[in-house]
1. For region 113-205, give the magnitude of the charge dipole about the Cα centre (Cβ charges: +1 Lys/Arg, -1 Asp/Glu; no others), in debye to the nearest 20.
2. Treating only the Cα positions of region 497-571 as identical point scatterers, give the base-10 log of I(q)/I(0) from the Debye formula at each q in 0.17, 0.21 Å⁻¹.
3. May I ask you to rank S355, S466, S730 by accessible area, largest first, using a 1.4 Å probe over the protein chains only?
4. Whole number in Å², please: accessible area per residue of the chain, 1.4 Å probe, ligands, DNA and RNA not counted.
5. Show me the trypsin sites (Lys or Arg not before Pro) within region 473-562 that DSSP assigns to loop and that have at most 13 other Cβ atoms within 10 Å of their Cβ.
6. To check you understand DSSP bridge types, tell me what percent of the beta bridges within the chain (both residues inside) are antiparallel, rounded to 5.
7. Considering the options L198, L182, S167, tell which one lies farthest towards the positive end of the dipole of region 144-202, charges being +1 on Lys and Arg and -1 on Asp and Glu at the Cβ, about the Cα centre.
8. Please report, as a whole percent, how much of the solvent-accessible surface of region 231-278 comes from carbon and sulfur atoms (probe radius 1.4 Å).
Amino acid sequence: MFLEIAIPINNPNTFTYKVEEKLHPQIGQRVLIDFNYRLQTGIIIGFPEKIDFEPEKVKEIKEIIDEKPIINDELFQLAKWLAKYYFCPIGLVLKAMLPAGVNVNTIQKISLKVENSSMPQYQKITNVLKKLDSPVPIATLQKQKIPSLFKTLLKMEKKNIIEIERSYKRKIEKKVVNCLTLTEKKATTDLTFKQRELYEFLKSEEKTIPVSEIAKKFSYSIINKLREKGLVNLVKKEVYPDIFESINKFFPPQFELTGEQDNIVSEIKKAISYKKFQTFLLHGVTSSGKTEVYIRVIKEVLTKGKTAIMLIPEISLTPQTVERFYAHFGDDIAVIHSKLSDRERLYSWNEINRSKKKIVIGPRSAIFAPLKNIGLIIVDEEHENTYKQTDRNPLYNGRDMAVLRGKLNNAVVILGSATPSLESYYNASQNKYQLLEMKERVQNQILPELTIVDMRQEKDHTEILSQLLKDKIEDRLIKKEQIILFQNRRGYASYIQCVKCGKVFQCKNCNISLTYHSYNNRMICHYCGYNQALPKKCPECGGYIFNFGSPGTEKIEKNLEFLFPTARIARMDTDTTRGKQVYQKVFDKVRNGYIDILLGTQMIIKGLDFPNVTLVGIISADVNLNLPDFRAAERNFQHITQVAGRTGRSEKKGEVIVQTYNPKHYSIQFAQKQDFIGFTELELGLRKKLHYPPYTKLVRLLFILNDENKLKKTVFAIRKKLKLFEKSASWRIIILGPVAAPLSKIRKQYRYHIVIKAKDRNAVCKFIDRFQQNVKIPSYIKMQIDMDPVSLQ
Ligand code: ADP
Ligand code: ZN
């Protein structure tokens, strides 16, 4: 019988193979195949009855890897839909759905069957094989640089000159450790004191303990003595990772819901009882108790025997959030985050797949968790652009996939935020989503007051902190209250410029200025990691005075240490939180009052709930505005509102100082008034006028090549072709570009893009369809189709 196989490569086609019927292949099983002369894994996605070419030409698969499908039917439906929507090969979608740990390493070993092959083209290979012990791993042959090795090997196999053994090995094997257990034998009196101690210790322990643990207290010679006497046995035991090992465990606080919370919980419970698909947009101001709402409705679906997924942005996957959910749901939850190892991730995935977990919490990829019987999907901070995958195919948005998966499961979906995205707000206004609102903070906390500081009016323009912010910090330090300072830029200075000739130091691989980091006195590219020491002299003109660009968190930290020498300061950005538990440690310190000033990048915007923080300072509310992006204002409004929300979370009043050179900008003005509706209406008006989402569908075609001239030529030729069917199109599209992307060169690769604004999804499909049929992209160019891009950088 024939199989349709998806392979995880960037090729829109699927491939036909055959298999013996008695092996009972099923959709969603992985198979081992010969593809392009190599051993590959693929996934069965269909059973074609008819094929377009001669059956004899169809290759047989080598093996079925999985006993049961690794992708269940529900996820398979989701994958098909996703592949279609994002114009992404289904093989890549399926790969993205599975944890890397399930992958297998393919192994091929070669043995020579006929020693004296007379054919010269095989001589090189036979010679190598003769010299070595068979079977020879293919990697050994690869080192010999034999031209078209794989192709030749297959030919030799066909001619019976060699034999190829094909197998695979799991990438991640079970982790097994040696443990000690007591035998039946009774201890005699001839034990030494230490031996007796170990014996009694083992007797008192209920669990089998790894030898490595025991060895911390007892020497190996004592352990061995007990073994010689036949009192203990060495046994092998599989160990599982403990993902919750390092978090604080406590009983969850119980409180009565506020009126608003109560209404909303009832409304959602009602929807859950209908067992029908429905999407809510929960717009609740910061600290209105949204998380508490999530907890209550998750409890509700669990009592109905169903399961739940909750997506949260990676940056709010803080220990604080995890602890809160652990307190309520204990081991029923699986938490997935980027700091898990492949082994831990695979373990969680298996536990979810075996229905051992009822709740999955994680960033965007958690939407692919193999959870069954889903009743509820929550997307917290739904406006976050980290829900969109931007670095590799599929370029999906986890939030939108949450709505889709909810639909496939007849589940309730909640999109929650204090600053909903314009897309979601628009969908609610069109009655696609039902809007739920929480306008009050819990426990009569009042929203903080925002003060805008016009940095143009400051006396000293070299100062990072305005006089007002300095005074306020001083005041809080005296009162022993805590302060959060936000700057969306890490490093010391955004660029280094020679004051004599004006040279700005650029990355040699990217069209980006290098960021100066003082801790190692180097200039670093934040895109590719290229770095070089800060030169003593300008290589162009020999000048030795440099201008340091806008300050990053590193410089601000130094400045704070200078201004407030007794304050205890903690900095949080990707440079300081590389370790696994750094987050946890800093948060614990802040919570326990060991930190006065917490300074950080967007890492500290979300989810933090520290009652003693009464002052928030936004060092520069202009960082977002300077980006060439139609969402710049929206993002700026969101950031200010969210950071502001970190204060005033107790009976103490909170205050926010916003420093800016654009005090009249509407995103800042509306943020000051905390007027989400006002901002949204104005911004929606602008989007409508300029044909931007949510009023149009956006697609970006990004073309990448290391040769700029060649790239430019091809891209302009493509544009010419597009012109032909742009005119004949009855469907409305606007084609912008081609033009160099704002990030015009990354890692030595040049980037050009064409942006398409289309009336609706239908118009997009027609356009892409025609595009794929009529325009041939040379294989040396890398092209990305980005549907609903969140950034046009
Ligand atoms: P949000 O997610 O909207 O920012 P949270 O759910 O984190 O708000 O709630 C903010 C704080 O208020 C948390 O410390 C939470 O424990 C507390 N809280 C939530 N609901 C209530 C309530 N009904 N009564 C008292 N405190 C509450
Ligand atoms: Zn670079």
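The values are calculated or read from the model by the stated rules, or taken from the named source; none is laboratory data. All values derive from a computational prediction rather than experimental measurement. Neighbour counts are summed over all protein chains in view; Cβ atoms, including those assigned to glycine, are modelled from backbone coordinates with ideal geometry. Ligands, DNA and RNA are stripped out before the accessible areas are found, and what is left, the full protein with its side chains, is counted by its heavy atoms. Shrake-Rupley method; radii C 1.70, N 1.55, O 1.52, S 1.80 Å.
1. Numbers: 21 positive and 11 negative charges, 141 e Å.
Result for region 113-205 is approximately 680 debye, rounded to the nearest 20.
2. -0.72, -0.96
3. Details: S355 75, S466 0, S730 105 Å².
My answer, sorted largest first, is S730, S355, S466.
4. Details: 38560 Å² over 793 residues.
Spelled out: the 1.4 Å probe surface of the chain, per residue, equals 49 Å².
5. K480, K508, K536, K537
6. 60 percent
7. S167
8. Numbers: 1690 of 3320 Å².
Carbon and sulfur: 51 percent of the exposed surface of region 231-278.
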